[in-house]
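A.B. asks: Questions regarding the structure given below will be posed in turn.
The values are calculated or read from the model by the stated rules, or taken from the named source; none is laboratory data. Keep in mind that this is a model prediction, so the values were computed, not measured. Virtual Cβ from ideal backbone geometry, glycine too; neighbours counted across all protein chains shown.
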């Protein structure tokens, strides 16, 4: 795993093919820059692969980046560039004062940087699986997001994530006197770090405290020994600056989903 997410040194005119998820990207080092061609394939790769290839011929589908004399390319995992939404279709209910732990699979995005990992050095990024667009919240006050469907897991051991997916661990605490009937849950993944544990990539441990339908939830990001491991290995920082505690809407009730 770590042998894929790393810094690569390129000789003049050296060309490599990167395969991950449903994406294949060919990168060639040229004088003062790079040629890059990406393609979405029908069959997902079962592994993260890097291969030497003979040539990349410039053409209309090839991007050209002029970055100076740099011959180093850094390949970094990232979470999607918008929040993701879980749609519950299995009637999850959390009683007053109780909590539930849910685990989700989130496809990664592959980012290319030259020389150093910073925004101004990013060449491009490619999602390893295309997620469908969705909307979270009311029509006039909601926000665009991606859908991760309705699949979830009840324990980390159950999660059969592919090598190009991250695992998000979420604890939902119902701090009210009524039953929380989970309908829509949004995860603002732009604020999550990524950690490496063996061959798994995991996000922060996310704790969401539900305080009532008319109040913003308290969201905390942390790490835990039983999730991310005792020896924490940070593989990628969040897209946005991380806050320890966040107050915002995490749930959406399409109709009367909150029952006393």
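A.B. asks: Consider residue 135 against the criteria (1) assigned to a strand (DSSP E or B); (2) buried (at least 19 other Cβ atoms within 10 Å of the Cβ): it satisfies all of them except one. Which criterion is unmet?
C.D. replies: (2)
A.B. asks: Right, next: In region 56-86, which residues are assigned to a strand (DSSP E or B) and crowded, with 18+ Cβ neighbours inside 10 Å?
C.D. replies: 73, 74, 75, 76, 77, 78, 84, 85, 86
A.B. asks: If we scan region 141-148, do we find a residue that is modelled with pLDDT of 90 or more, outside any strand (DSSP E or B), in the same structural domain as residue 90 (by TED's automatic domain parsing) and under 15 Å from residue 85 (Cβ atoms)?
C.D. replies: Taking every residue of region 141-148 in turn, at least one turns out to be modelled with pLDDT of 90 or more, outside any strand (DSSP E or B), in the same structural domain as residue 90 (by TED's automatic domain parsing) and under 15 Å from residue 85 (Cβ atoms).
Here is a yes/no grid of residues against (1) assigned by TED's automatic domain parsing to the domain that holds residue 33; (2) farther than 24 Å from residue 228 by Cβ; (3) out of contact with any helix residue (DSSP H, G or I) (no Cβ under 9 Å at 6 or more places or on another chain):
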{"site": "98", "(1), (2), (3)": "no, yes, yes"}
{"site": "135", "(1), (2), (3)": "no, yes, yes"}
{"site": "155", "(1), (2), (3)": "no, no, yes"}
{"site": "159", "(1), (2), (3)": "no, no, yes"}
{"site": "168", "(1), (2), (3)": "no, no, no"}
{"site": "173", "(1), (2), (3)": "no, no, yes"}
{"site": "176", "(1), (2), (3)": "no, yes, yes"}
{"site": "199", "(1), (2), (3)": "no, no, yes"}
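A.B. asks: Given the criteria loosely packed, with under 15 Cβ neighbours inside 10 Å and either at pLDDT 95 or above or under 22 Å from residue 165 (Cβ atoms) (or both), does residue 98 qualify?
C.D. replies: Considered against the rule, which asks whether it is loosely packed, with under 15 Cβ neighbours inside 10 Å and either at pLDDT 95 or above or under 22 Å from residue 165 (Cβ atoms) (or both), residue 98 comes out as yes.
A.B. asks: Residues in region 199-214 that are surrounded by fewer than 17 Cβ atoms within 10 Å (Cβ to Cβ) and within 10 Å of residue 175 (Cβ to Cβ): how many?
C.D. replies: 2
A.B. asks: In region 42-55, what residues are free of Cβ contacts under 8 Å to residues at least 60 places away in the same chain and part of a loop (DSSP other than H, G, I, E, B)?
C.D. replies: Across region 42-55, the qualifying residues are 42, 43, 53, 54, 55.
A.B. asks: Among the listed residues 31, 14, identify the single one that is more than 30 Å from residue 136 (Cα to Cα), surrounded by fewer than 16 Cβ atoms within 10 Å (Cβ to Cβ) and in contact with a strand residue (DSSP E or B) (Cβ under 6 Å, 6 or more places away or on another chain).
C.D. replies: The unique qualifying residue is 14.
A.B. asks: Quick check: is even one residue across region 114-121 touching a helix residue (DSSP H, G or I) at 6+ places or on another chain (Cβ under 6 Å), under 30 Å from residue 152 (Cβ atoms) and not in a loop (DSSP other than H, G, I, E, B)?
C.D. replies: Scanning region 114-121, I find no residue that is touching a helix residue (DSSP H, G or I) at 6+ places or on another chain (Cβ under 6 Å), under 30 Å from residue 152 (Cβ atoms) and not in a loop (DSSP other than H, G, I, E, B), so the answer is no.
A.B. asks: Can residue 161 be described as within 21 Å of residue 21 (Cβ to Cβ), under 13 Å from the mean Cα position of the chain (by Cα), modelled with pLDDT of 95 or more and part of a strand (DSSP E or B)?
C.D. replies: The answer is no for residue 161.
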